[in-house]
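The values are calculated or read from the model by the stated rules, or taken from the named source; none is laboratory data. Remember, predicted model here, so these are calculated numbers, not experimental data. Please note that ligands, DNA and RNA were not included when accessible areas were found on the heavy atoms of the full protein model with its side chains. Shrake-Rupley method; radii C 1.70, N 1.55, O 1.52, S 1.80 Å.
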Amino acid sequence: MIFIFVMTGLMTGCQTSTTSQSPDLYDQLGQRSGIAVIVEDLLFLIVDDGRINQSFRGVNVEQFHRLLTDQLCELSGGPCHYTGRSMRELHADMAITDTQFNALTENLILAMEQNRVPTGAQNRLLRKLIPLYPDIRNL
Ligand code: HEM
């Protein structure tokens, strides 16, 4: 009986430690509220960035903030659903260059740094964005 109890305890311990070694990306980003703060910081960085701020003139900031937050929340495994237009449709007429794409990505990394997102989690989110690249660049 004691043996079974100890084994059960050990197995539970193993499962717990496996989980803590690989926390959910969504949790590492601070869930939806944390992602919303990251996106807010990203918007301030975009406004200050001469490489891309012209592209965002006249954009509905509240809607942009909500939709990008939902998108990153969903991509990171959170319980959100992005309801905006497709990436290809949205960015089709913008002729976005690699320099502009990289500038936005740099700002996203900076915003995550400002919110103390661990580097590994930053990279995991960036990896989720890679499949969007051809649609955003309209390739
Ligand atoms: C990782 C790269 C990117 C992601 C994940 C992304 C994501 C999004 C999302 C979710 C929206 C919808 C928001 C809305 O409808 O208001 C959006 C819209 C928009 N994006 Fe991007 N984007 C990226 C790169 C870029 C770049 C590099 C630019 C320009 C330099 C850009 C310019 C815009 C603009 C101007 C809108 C508003 C379009 C409109 O309101 O019609 N995006 N983007």
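Per residue, the solvent-accessible area of the range 76-119 (1.4 Å probe, heavy atoms of protein chains only, all protein chains present) comes to 62 Å².
In the range 24-136, carbon and sulfur make up what percent of the accessible area (probe 1.4 Å)? Roughly 54 percent, rounded to a whole number. For the range 36-107, the square roots of the Cα gyration tensor eigenvalues, ordered a ≥ b ≥ c, give a/c of at least 1.5 with a/b greater than b/c, which places it in the prolate category.
For GLU89, GLU74, the ranking by accessible surface with the largest value first comes to GLU89, GLU74, using a 1.4 Å probe.
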